[in-house]
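Read through the structure below, which is laid out as structure tokens, and then see the notes.
The values are calculated or read from the model by the stated rules, or taken from the named source; none is laboratory data. The model shown is predicted, which means the values in this text are computed figures rather than measured ones. Cβ placement follows ideal geometry from the backbone for every residue including glycine, while neighbour counts extend to all protein chains displayed.
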2 protein chains.
Amino acid sequence: MKSICGVAGVTAAGIKEGKYGLALIQASGNSAAVFTQNKARAPVIDLMAERMKKNRLEGIIANSGCANAYTGRRGMEDAIRMAEIGGEALGIDPMNIGVASTGVIGRYLNLDLIEKQAGSLSLSSSEEAEIQAARAIMTTDLVEKHAFLQGESFAVGGIAKGSGMIAPNMATMLGFIYTDAEIAQPDLQPILKRAVSRSFNRTIVDGDVSTNDCVFLTATGEAGAVPLKEFEEGLTAACIHLAKAIARDGEGATKLIEVIVSGARNESDAEKVAKAVVTSPLVKTAVYGQDPNWGRVVAAAGYAGVDFEIPDLSLWIGGGGEKTPLVQKGEITADLAAAKAAMRGDTVIFSIDLDSGDAGATAWGCDLTEKYVEINGKYTT
Amino acid sequence: MKSICGVAGVTAAGIKEGKYGLALIQASGNSAAVFTQNKARAPVIDLMAERMKKNRLEGIIANSGCANAYTGRRGMEDAIRMAEIGGEALGIDPMNIGVASTGVIGRYLNLDLIEKQAGSLSLSSSEEAEIQAARAIMTTDLVEKHAFLQGESFAVGGIAKGSGMIAPNMATMLGFIYTDAEIAQPDLQPILKRAVSRSFNRTIVDGDVSTNDCVFLTATGEAGAVPLKEFEEGLTAACIHLAKAIARDGEGATKLIEVIVSGARNESDAEKVAKAVVTSPLVKTAVYGQDPNWGRVVAAAGYAGVDFEIPDLSLWIGGGGEKTPLVQKGEITADLAAAKAAMRGDTVIFSIDLDSGDAGATAWGCDLTEKYVEINGKYTT
């Protein structure tokens with residue numbers, strides 16, 4: 001299994017017809033969710049924020065092609081109806097259905113299509129089923145996004161979608177994550193929040209914050225109780241796996257960019273610097289062009305709004321044993337030929353040591369290419 | 001005259017040899033300056049921040065092709081030497097010379113070239129001279145940027161450069177502005193700061209904050225004392241003219257984007273919303289593709305971090321009598337054909353009414369094109 005169907009108690013199905021897809025997932029258990037921080041969040045997010053207060057889900061219905069965002073009262077009625085359609089298809093109470101939508105903003109849902117699609121699906125726990133569900137929620141995504149992690153005493157599996165409108169400070173995409181661990185309701189939400197803050201919230205494609213992002217986590221409990229710390233580590237690893245998949249599949253992207261910041265005064269400072277670098281259009285275009293213009297990395301660190309001394313900074317390019325130093329304690333040591341060579345692969349890693357503390361953080365992004373412009377210049381027409 | 005040489009007491013000269021240009025300007029008077037907020041600001045900015053404490057300039061030397069940024073102690077020594085070269089060329093005290101640099105980060109100045117270029121220049125107050133000075137400071141700029149405004153009792157003239165690494169929260173470019181008005185030292189700095197905050201600081205090309213931005217203002221006083229309010233209005237108008245020229249000449253840009261926000265609780269809120277919209281890569285690519293995907297404008301307003309009610313928002317596209325309503329008090333009224341027609345020209349204007357107060361602000365940007373990626377993918381190599 002690649003993802004959710006590897007978790008005991010989860011069945012799924014999905015269909016994609018042109019731009020319009022529908023996924024159904026069934027799994028009962030204590031649940032938690034995080035939502036976009038955008039003021040202009042979609043009615044479906046308002047609905048879910050309210051209904052998730054009881055921290056329980058028995059299933060999910062998610063469509064692609066239309067975000068049902070900025071659709072006002074009718075948008076809310078349509079989201080409520082979509083929960084009913086999900087409930088009918090799965091034979092469960094609509095109040096326990098998670099609803100998610102992704103696609104164009106400012107258009108109404110085609111509920112007839114959604115009802116027809118939902119009626120056509122039969123759920124199973126096969127690998128084919130999780131693949132169909134992951135495909136159904138794709139928009140400009142080129143590849144499905146799966147994560148599966150088998151811990152000693154529990155499993156975590158998740159699917160996600162996301163390629164554009166990916167930005168910090170929110171949940172940045174759709175993600176449906178399951179575990180067979182038994183986790184009490186009061187523990188689930190803070191654990192999910194921390195895991196998301198260290199994974200999806202550190203993934204930037206274009207810096208645009210979506211109106212519809214949400215991550216749902218359901219713990220079916222079939223594997224029984226597990227150590228919470230171990231569970232949080234496993235969940236975080238699965239979220240990071242999905243987050244990196246989203247960054248690598250960023251609209252038009254040819255390379256994954258990973259920025260590892262160490263030596264910060266605290267984790268928040270480290271995160272700000274890492275995100276500033278992966279967000280910088282100038283860093284992103286330089287990575288695309290394999291141009292070792294490392295001054296742009298330092299410049300981005302400089303405007304991250306974090307207190308550190310520029311003369312203390314060290315910067316490397318490349319990962320593992322192949323790290324090439326560019327700046328060591330403020331002294332330029334750049335071997336531009338080696339730096340250029342380090343940019344040839346499909347992953348470019350910058351490591352930054354601020355030398356002002358012991359905290360660190362990693363962020364992920366992708367390069368900026370002509371293809372991103374092409375994809376987004378003609379999205380609705 | 002197009003700009004600075006229209007101001008009594010100003011002479012200029014400039015030379016551009018391939019990537020490497022040098023401008024000299026002579027004008028004595030009370031002066032003020034604003035500098036980049038980037039932590040990784042260049043040594044020359046540190047030098048100028050110190051020397052401008054006496055609020056007096058008699059001349060300026062500025063080079064393009066090398067930013068002399070992230071060059072540490074040697075960078076500072078080179079900046080000091082550049083002031084001396086300017087002082088020798090103009091026959092004035094190097095302590096009263098403004099120095100500015102723009103170009104690649106992390107490389108040392110070619111002082112021999114700068115000295116040779118400075119020695120080759122002879123200053124004059126001709127239109128040709130101001131054009132040469134404006135050209136000398138260009139990097140990826142395609143056009144020179146001039147502003148000239150003749151008030152009732154005074155004139156304001158300025159030149160600027162800027163095309164990439166243009167972002168909010170700083171002075172975003174090089175600008176050299178002159179007036180023949182007589183303005184006392186204590187008044188000059190706050191007036192410049194406000195004018196810059198309402199012009200250059202609201203201009204975004206790519207969201208990257210430069211290491212080297214600065215604006216110098218010198219009041220030669222030859223026109224005598226003038227009403228301060230009138231002067232501030234004139235200076236702000238000249239700065240906005242230059243700011244719009246920078247946005248329109250953004251790297252790879254085909255269109256100027258103007259975002260006019262009204263109905264905000266305060267000017268700062270209005271500015272945040274306007275900047276979020278002009279910064280959004282998704283809005284920028286939609287404008288490039290002439291795709292009336294207005295939902296992206298609402299989404300960007302939604303993540304600007306400002307408190308307003310989405311159902312109160314109204315949005316129009318187009319300027320003057322040609323405004324096409326897209327959203328009126330939260331109701332979608334978009335005529336997509338008319339909206340698409342409003343995107344055909346070289347300027348696209350979005351007007352947003354938040355309906356939560358009486359304050360407003362305008363920001364400027366440009367579209368995001370494949371050309372931006374091409375220019376920045378191969379900048380240093």
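Worth a mention:
- If the condition is being surrounded by fewer than 22 Cβ atoms within 10 Å (Cβ to Cβ), under 22 Å from A:Leu217 (Cα atoms) and not β-branched (Val, Ile, Thr), then segment A:63-87 contributes A:Glu84, A:Gly87.
- Filtering segment B:357-372 to residues that are touching a helix residue (DSSP H, G or I) at 6+ places or on another chain (Cβ under 9 Å) and either farther than 21 Å from B:Asp291 by Cα or assigned to a strand (DSSP E or B) (or both) leaves B:Gly357, B:Ala359, B:Gly360, B:Ala361, B:Thr362, B:Ala363, B:Trp364, B:Gly365, B:Cys366.
- The combined condition, being of a type in the set (Ser, Thr, Tyr) and buried (at least 24 other Cβ atoms within 10 Å of the Cβ), is not fulfilled by A:Ser28.
- Some residue of segment B:80-98 being among the basic types (Lys, Arg) and in contact with a Phe, Trp or Tyr (Cβ under 7 Å, 6 or more places away or on another chain): no
- You will find that of B:Ala134, B:Ala83, B:Ala100, the residue that is in contact with a helix residue (DSSP H, G or I) (Cβ under 8 Å, 6 or more places away or on another chain), among the small types (Gly, Ala, Ser) and in a helix (DSSP H, G or I) is B:Ala83 and no other.
- Failed criterion for B:Glu58 (all others in (1) away from every other protein chain (no Cβ under 14 Å); (2) assigned to a helix (DSSP H, G or I); (3) among the acidic types (Asp, Glu) hold): (2)
- Of all the listed residues (A:Ala223, A:Ala181, A:Ala264), the sole one being outside the structural domain of A:Met48 (by TED's automatic domain parsing) and more than 17 Å from the chain's Cα centre (by Cα) is A:Ala264.
- Entry remark, segment B:273-295: residues being free of Cβ contacts under 8 Å to residues at least 40 places away in the same chain, facing chain A (nearest Cβ under 7 Å) and either out of contact with any Asp or Glu (no Cβ under 9 Å at 6 or more places or on another chain) or within 23 Å of B:Asp355 (Cβ to Cβ) (or both) number 3 in total.
- Scan segment B:353-381 for residues that are buried (at least 17 other Cβ atoms within 10 Å of the Cβ), away from chain A (no Cβ under 12 Å) and not hydroxyl-bearing (Ser, Thr, Tyr) and the total you get is 8.
- Considering each residue of segment A:297-310 in turn, none proves to be modelled with pLDDT of 90 or more and more than 29 Å from the chain's Cα centre (by Cα).
- Any hit, segment A:329-344, residues being of a type outside the set (Lys, Arg), on the phi < 0 side of the Ramachandran plot, in contact with a helix residue (DSSP H, G or I) (Cβ under 6 Å, 6 or more places away or on another chain) and buried (at least 20 other Cβ atoms within 10 Å of the Cβ): no
- When B:Met138 is tested against (1) at pLDDT 90 or above; (2) away from chain A (no Cβ under 14 Å), just one condition goes unmet, and that condition is (1).
Let's see how each residue does on (1) in contact with a Gly (Cβ under 6 Å, 6 or more places away or on another chain); (2) free of Cβ contacts under 8 Å to residues at least 12 places away in the same chain; (3) among the aliphatic types (A, V, I, L, M):
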{"site": "A:Ile61", "(1), (2), (3)": "yes, no, yes"}
{"site": "A:Cys66", "(1), (2), (3)": "yes, no, no"}
{"site": "A:Gly75", "(1), (2), (3)": "no, no, no"}
{"site": "A:Met82", "(1), (2), (3)": "no, no, yes"}
{"site": "A:Ile85", "(1), (2), (3)": "no, no, yes"}
{"site": "A:Ile92", "(1), (2), (3)": "yes, no, yes"}
{"site": "A:Met95", "(1), (2), (3)": "no, no, yes"}
{"site": "A:Gly98", "(1), (2), (3)": "no, no, no"}
{"site": "A:Gly106", "(1), (2), (3)": "yes, no, no"}
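- Boolean, A:Tyr288 is closer than 25 Å to A:Gln26 by Cβ, more than 14 Å from the chain's Cα centre (by Cα) and crowded, with 24+ Cβ neighbours inside 10 Å: no
- Exclusive hit being in contact with a Gly (Cβ under 7 Å, 6 or more places away or on another chain) and more than 9 Å from every other protein chain (Cβ to nearest Cβ), set B:Asp312, B:Asp269: B:Asp312
- The single residue among B:Ser125, B:Ser101 that is surrounded by 14 or more Cβ atoms within 10 Å (Cβ to Cβ), over 30 Å from A:Leu313 (Cα atoms) and touching a strand residue (DSSP E or B) at 6+ places or on another chain (Cβ under 8 Å) turns out to be B:Ser125.
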